[in-house]
Amino acid sequence: MKIKRNMKQLKTVLIALVGALIMIACKNEQRKLNAEPIENNEVSSTEEPILKEQKIVFQKTLTLQNISFAIKTIGEGSIGKLTIETKGLEKDNQKITLELDGQVANAEIEDLNSDGFPEILIYTVSAGSGSYGNVIGYSVNNGKSISQIYFPEISENKEANMGYMGHDEFAIVETSLVRRFPIYRADDSNSNPTGGTRQIQYKLKDGEASRLFVIDKISEY
């Protein structure tokens, strides 16, 4: 009876030991599963976000003598981008892109030197209360290509610059470029010029390196 009882106890111990081994094996398997990376069937997006189109601030197409200029500016604020696309040139139709300090006020086209081919003039104003003007011009070379026209700084001419504080207006009158602005006296505020108006008339001339505008006449009223 004693041997039988010992055998029964041994059987119980063996059963308990086998159960413990099974539990340890299960825990080890679970740890292994937890350590393995989980396969992700989702495809990550690599597409870049679509950039919001910038607002077109100025747009105009001008044509003369079968040659066209498409002018467009984008970007608000003090810095913008100006693009000029040409059509009708024999050799070099192109797209010109310029960084613009300010905004375009207007653009005009005319054959300023009476050579049978047009010039395009783009009038710009700087940001801020001064509204200082500038002219970006291109001249057609014998119907084949274009080159930029040099527009002189007003400070290069003492008579023209006296009392100048911006607020320019530009226009083509016949075959001349005309610039007008108020004249400021020493004590004038930016909003209250008292010196009348100055008008400068420019003519397009052939220079050594490029065509350029030259002051032809200065008048006041």
Q.
Here's a check for you: in the range 157-185, which residue that is basic (K, R) and surrounded by fewer than 18 Cβ atoms within 10 Å (Cβ to Cβ) is farthest from Y202 (Cα to Cα)?
A. R185
Q. In the range 94-126, how many are surrounded by fewer than 15 Cβ atoms within 10 Å (Cβ to Cβ), farther than 18 Å from I56 by Cβ and in contact with a strand residue (DSSP E or B) (Cβ under 8 Å, 6 or more places away or on another chain)?
A. 2
Q) Mind checking whether some residue in the range 136-145 is assigned to a loop (DSSP other than H, G, I, E, B) and of a type in the set (A, V, I, L, M, F, W, C)? A) no
Q | Some residue of the range 88-105 being under 10 Å from the mean Cα position of the chain (by Cα), small (G, A, S) and not in a strand (DSSP E or B) | A | no
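Only the coordinates and a few stated rules stand behind these numbers; no lab work does. Keep in mind that this is a model prediction, so the values were computed, not measured. We place every Cβ from the backbone using ideal geometry, glycine too, and count neighbours over all the protein chains shown.
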